Structures are given as structure tokens and as C-alpha cells.
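The values are calculated or read from the model by the stated rules, or taken from the named source; none is laboratory data. It should be emphasised that the depicted structure is a prediction, and the values quoted were computed from it without experimental measurement. As a convention, Cβ positions derive from the backbone with ideal geometry for all residues, glycine included, and neighbour counts pool all protein chains shown.
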């Protein structure tokens, strides 16, 4: 049962990573990051069955931080959208010195 | 013996000895403040487009009247305080130096140096000479420098010099002595370059300073060696321990004495470091009298006498001192024969006489060295001040007719005795004194040195001492020649200043000639404080009429005694006859009659030469040119030392510093910039690239953790 859960978690994480790397839409990339977080959450929960309650406690932290991060991230995306009228990350090339 | 000499018994109670040092410092501060005020005022005048030179036709401002009293005043007061101490010391029975400690100068680890002064018979003699002769020269300066716009500055420097010179002779340890040593060197530098707007004079100051640095290096290393050996630098402790700690003739003490000698050759202008002194004549003439004749240049002699215990323990070091002294005495005297600049003749004469002092302290006759130091201070200060009076008169005469002729060139003088009779007489007194004619001061002091040099000829290194003795005798004859030549060229024969100029020649004012007369009296009687026993009892001493036989010798005995004891123990005492037989009296009679004969003959010979004024004269040829060109030593040093050093410095500047050091520093900078530039290639500004590198980074970290 654990193996299957971890395989699923790994697959979800891989999908999330590839999404971040390959997609150009900022919203989609953002969703993919959420996917990565939740893949990790799945692994935590699965392992907590064998290693104790700590994993589930950690999941709560991750969810809290993810909520905060979603708020900040979406705010950034919205302000970028207001400026460029697009959310295609290929247009965002000012992140350098 | 000592009890008899020192008379009444009792402890020595010093009378405010710190005041002797402090007074010139106060003078320096006051005159310095006046100099700053004067400088501010002339700067203001220049700003307003007025002439800064107020001297002609105007009353002198307060800043230029006060130094007349402050400058000589503080030195005179210091002399009075020193005199009181001297009288008290005479009345006391002093065997150990009295140390006055004021504060701890530095306390680092095991080294503790106190700001302390030492009062003993040697420092007493030096204090009296420095403040006494110094006072007379200050008074003379009032007349000589009166019209100089930098009058207060001049006295500030002169007071500062006396201050440092007193530290030098009164310091109770090597570091304190060294403070004075460096201080007088600095004052010498600023006073040689006193007229600093003249490039040549400023350069002469620099030369003096730089040449002295070479000697100071030796002095410093000697101090380090002494510290590592004794763990202290105080005179009393080192000299007490030295005979038991150091091996007689051992390598350590020989090294220390040779290094000290290097320091002394720099300060006292001996071979090989004498070259700065003739150039130092660029300074005002009273400065030459005070610093470069009477006091500072004798610091090396004082230092050897002060460290006599060490030199007595190092026979090779002592021999080196005497050899260098004898070589310098002879060498400089020959150059003095062919110079035309009156001050240059005196400069080489000073170098030569300093050589005698070195012979004195080198052969172990420390009292004789100090004796000659003292009498030389009298008659050489007199000669310099007299030449100053001559230059002063010449300068005024030439100034009146706007002549461009050199007021210091003796070829432009001649026949001056008509115009300045007092100067003429006192200069002859000094000449007879320096030539060693009985009964003038120089006769007793110089003769004693020559006698002791000969009396060493039977101990270790006997042949060397015979050689030194012969060189000293020869140099004594040369002294008589070049001094007579100077006198005849300057004061006798036809006047060569020119018709119009001669009308403006006049005797120096009283403020200048009174110090000359005082010094002349000292040049006559100064030698009587140390008449040798053998001479005092003979007809030369009026069969016992001359007072105070060997007084100075006995007076200095508490200081020089330990060294003399060591010499007697290891090297044997002085012989009682000269190398080729004859007693002290015989040689004294011989040398003074020979000197007198030389004076008379050379006066006749020089009178017979028809000198032309400098601008009509041609450069001498043959041997005379070699002498006139000072054996080309300056050129030799220029080729062997100065130019290689300049080349090395240029190499260090252009190749090592600008090439290698700057190259490495700049290269590192360029390298960092290049790496930075490469790093900017990764910084595309695109979010995707960053995400990609993030993932790659995580994978790398994971890979490192897993395997």
C-alpha cells in the first residue's frame, strides 16, 4: 500500500515539475507548483502511517504555507497581468540585474 | 686622589636640571608662535597686494623684535642653570651619576624605557659647552640674521636644536640619547635648508638628512644587540654589567662598537659618511658654527666617550675609531688646502678636527677627546662666526653695488684687516689655537691626543697606532697651512673686492663682535683646564704657573675610569715615550715650533701668490684640481651609490610596483570581473530558465545526498 502511494506521489511531483518547466502560462505554472506541494503532502501522509504522526502535522504546515503562497503568488500574477495584459511568462524578462 | 681633586665632600644636589632642557623648548614654542604670527601677517600683506618685506625703512614689528630677547635669553638662562649645577657638582663628591626620572616613556614586555636624564661629569661638560657656546652664537645671530624676514622662525629652529642637543647629552639611556640624536639631525636639516626657496640649499639639507640615516641604521642595530644582551638600555646598568657579561675582544662587543661607530661617522662627519658636512654650509653661518662645528657634529665623539666601557672592551672597535679618525683628519685637511669658499675650508677643517677627537677617544684617551671637543667648540665657533662677520660685510658691500660676486669666495676678499680689525685679530687667535701654537687652547688639546696616540704604539695593534700618530702629526702641519692660507687670503694682501665695493666694507656691529671676543678669550685660556703634568711643570707651563694640571682628566675620571681600568688591565697602560723616543715635553715643543714655522712659511708663500677675483680665475689644474674637486668623492659616491640606488628605485617603481604588484592586484580584479561576466550569462531574466536551474540544483543536491 505504501509503495503505491509513494509511486503516485512521485508521478504527481514529476507532472508538476514538468508543468513548471514546460508551460508558459503563469497560472498553469502556479497550479503545477501546487501539484508538487500536494504530491509531497501525499508522501507525508503515506509515510506517517509507519513513522508516526509527525508527517500529518507537517502536512498542515505545508497547507498553511501553500495558502499564504497562493495569496502572494496570485497577487503578483494579477499585477503583472495589469501591466502586460498577458500572463505568458516569456514576456517576463526583467528579473535580472 | 679623587677626593683631593673634588675638594669638599658632600652629596651632589642638582638644581632644577630639567630646567636646562625645558628653557630652550619654551623658547622654541614662543618663537614658533611669533613665526606663525609673522607668516600670517605677510600672507595677509601678499593677499592685499602689498610688499611682504617690511624691512627696508620700516620699524620692525613685534614678531621680529621679541625673538632678539627670547632666543638668546632662554639659552643664556639655561647656561646659568647649568653653571649652578656645575658649581654644586664641583663642591660635591660625585662618583655615580645622578639620575632624574620624570615619567615612563614606554613599558612593553620586558623593555622599560624611562624619560630620564643623567647628571655626571661628562654630561656637565657637554651641557656647559652646548649652552655656553650656544648662547654666544645666539647673540651673534641677532646681528647676523637681523634683516632676514624669517627672523622668528630662525630662532625657533635654533632653540629647538639646543633643546634636542641637551636631550642628547643628558639622556640616561640609549633611546633617550637617540631622541636627541634624531632631533638634532632634524634641526640640522631644517636649518641647512633654512633658505629653502633656493633649490641647492634645500637639497643640501636633504643630503645631510639622508646620509645621517645610514649612520642611524648602525646606531639602531647596536641598540637592538645591547638590548638582547643586557635586557635593558639604561647607561648605568649596561656599563655596570658589561665587563662581566661581555668577553674582552669578543665578537658581540666588537659588532656593537663597530655599529655605534657607523652611527658616529654619520653624525660626526667621518669617512665614509663625511660628505654631507661641506654641503651643510648652505645654512646660515651661525648655524654652521653652532650645529656643524661646535655641538651636533661632536655628538659622535660624546657617544663614544659615553660608551667608553664598550669601546674599551673591543680593541678592534677602538682601533677602527682611531683609524677612521686619523684617516679623516689627514684626508679632510688636504681638501681644505685647495678650497676657495671660506666656509668650505672651515667645514673641511671641522671634519679634520673631528677626526682628531675620534683618534682621542679611539686610543682610549677619552678625556683628551672631550678636551679637544671643548676647545674646538671655542675656536671653531669663533672661526665660523668670524667668517660670518666677513661674509656679512662682504654681502653688504656687494649688495650696495649690486655685484653678483660670491661673498664667500676668498679670491674676492683680501686686505680685509683694514676694514674689520677686531674680526681680523680674533680670527688670528682662533687660527693660532687650531694650528696648535702654545699657549692657545688647541695646542694642549691636540697635542694631548697626538701624544696618547703615540703612547699606544707598544700595546696591541702597535704598528697601526704608530701610523695613526704619524697621520695626526702630518694633519697638524696641514692644519697650520690651510688656516694660514685662509687668513692671508681673507685679511692680508691686496683688496680684491673692487674699488666701489671696498667703500662699503665695515666692521661688524658690537652684537656680533662681542661674542667673537668672548670666544677668543676662551680660545686662548680654554686649554689651560687640562695642561698635562709634564708640561705644566716645565717652562711651557711657566714651571707650574699654569693652574689646574690635568683638571679635566681628573674631573671626568668617574665617567671614564671604568674604561681606563679595562684598558690598563687588558691592553696595558700608555707608554711614557713616543714611538721614536722622546717624552711628552720634547714632542710638545717640537710640534708647536714646527706648527709655528709652518704658519710663518705658509704665510709668506701664500702672500706671494697673486690671486685673481673669482670671476677672472680659471679652475686649478693637476693635483690642485683633484683637491679642489674634493678627490671627486661626491662624483664617486654619485656613481657607486646614488645612481645605482636611483636605478634600483626606478626598477622597484616601474617594474616591481607598477608592473608586478599593481599587475597582480589589477589582474585579480580583471579575473573577478571576467568570472562575473560569465555568471551574468546565466542571468537571463526569464522565469523559466531560473526554474530550470532550480530543478537542476535540487537534482544535484539530491544526487550528492543519495550517493
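The figures follow:
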quantity	calculated
Single residue of the range B:337-348 satisfying the filter (over 18 Å from the mean Cα position of the chain (by Cα) and not in a loop (DSSP other than H, G, I, E, B)) that is surrounded by the most Cβ atoms within 10 Å (Cβ to Cβ)	B:342
Candidates A:58, A:92, filtered to the one that is more than 11 Å from every other protein chain (Cβ to nearest Cβ), within 23 Å of residue B:695 (Cβ to Cβ), surrounded by 15 or more Cβ atoms within 10 Å (Cβ to Cβ) and over 14 Å from the mean Cα position of the chain (by Cα)	A:58
Count of the range B:502-539 residues which are in contact with a helix residue (DSSP H, G or I) (Cβ under 8 Å, 6 or more places away or on another chain), over 27 Å from residue B:388 (Cα atoms) and surrounded by fewer than 21 Cβ atoms within 10 Å (Cβ to Cβ)	3
Selection count where residues are outside any helix (DSSP H, G or I) and under 13 Å from residue B:375 (Cβ atoms), scope the range B:439-481	2
Within the range B:496-601, helices (runs of 4 or more DSSP H) holding 1 or more residues that are under 29 Å from the mean Cα position of the chain (by Cα)	B:510-525, B:551-571
Unique match (being over 19 Å from residue B:522 (Cα atoms) and either under 16 Å from the mean Cα position of the chain (by Cα) or touching a residue at least 40 places away in the same chain (Cβ under 8 Å) (or both)) among B:370, B:351	B:351
Options B:571, B:603: the member that is buried (at least 16 other Cβ atoms within 10 Å of the Cβ) and under 25 Å from residue B:363 (Cα atoms)	B:571
Qualifying residue in the range B:180-188 (condition: crowded, with 23+ Cβ neighbours inside 10 Å, in contact with a helix residue (DSSP H, G or I) (Cβ under 8 Å, 6 or more places away or on another chain) and free of Cβ contacts under 8 Å to residues at least 60 places away in the same chain)	no
Test: residue in the range B:564-578 that is assigned by TED's automatic domain parsing to the domain that holds residue B:486 and under 15 Å from residue B:439 (Cα atoms)	no
Any chance residue A:27 is assigned to a helix (DSSP H, G or I), under 13 Å from the mean Cα position of the chain (by Cα) and loosely packed, with under 14 Cβ neighbours inside 10 Å	yes
Residue B:242 within 12 Å of the chain's Cα centre (by Cα), buried (at least 18 other Cβ atoms within 10 Å of the Cβ), at pLDDT below 95 and not in a strand (DSSP E or B)	no
Any hit, the range B:662-669, residues being over 30 Å from residue A:80 (Cβ atoms) and within 14 Å of chain A (Cβ to nearest Cβ)	no
Meets criteria (over 30 Å from residue A:20 (Cβ atoms), more than 12 Å from chain A (Cβ to nearest Cβ), free of Cβ contacts under 8 Å to residues at least 40 places away in the same chain and in a helix (DSSP H, G or I)) for residue B:659	yes
Those residues of the range B:395-438 which are touching a strand residue (DSSP E or B) at 6+ places or on another chain (Cβ under 9 Å) and part of a helix (DSSP H, G or I), in sequence order	B:410
Residue that is closer than 17 Å to residue A:12 by Cβ and within 14 Å of chain B (Cβ to nearest Cβ), where the choices are A:76, A:33, A:80, A:27	A:33
Output for the range B:673-691, where each listed residue is in a helix (DSSP H, G or I), facing chain A (nearest Cβ under 9 Å) and either closer than 15 Å to residue A:26 by Cα or modelled with pLDDT under 85 (or both)	B:687, B:688, B:690, B:691
Condition met for residue B:81 (out of contact with any strand residue (DSSP E or B) (no Cβ under 6 Å at 6 or more places or on another chain), more than 23 Å from residue B:176 (Cβ to Cβ) and either assigned to a helix (DSSP H, G or I) or at pLDDT 95 or above (or both))	no
Residue list for the range A:80-94, restricted to those being over 14 Å from residue A:29 (Cβ atoms) and at pLDDT below 90	A:83, A:84, A:85, A:93, A:94
Hits in the range A:1-24 - residues which are surrounded by 17 or more Cβ atoms within 10 Å (Cβ to Cβ), touching a residue at least 24 places away in the same chain (Cβ under 8 Å) and either within 13 Å of chain B (Cβ to nearest Cβ) or part of a loop (DSSP other than H, G, I, E, B) (or both)	A:13
Residue identified as closer than 20 Å to residue B:144 by Cβ and assigned to a helix (DSSP H, G or I) among B:484, B:490	B:490
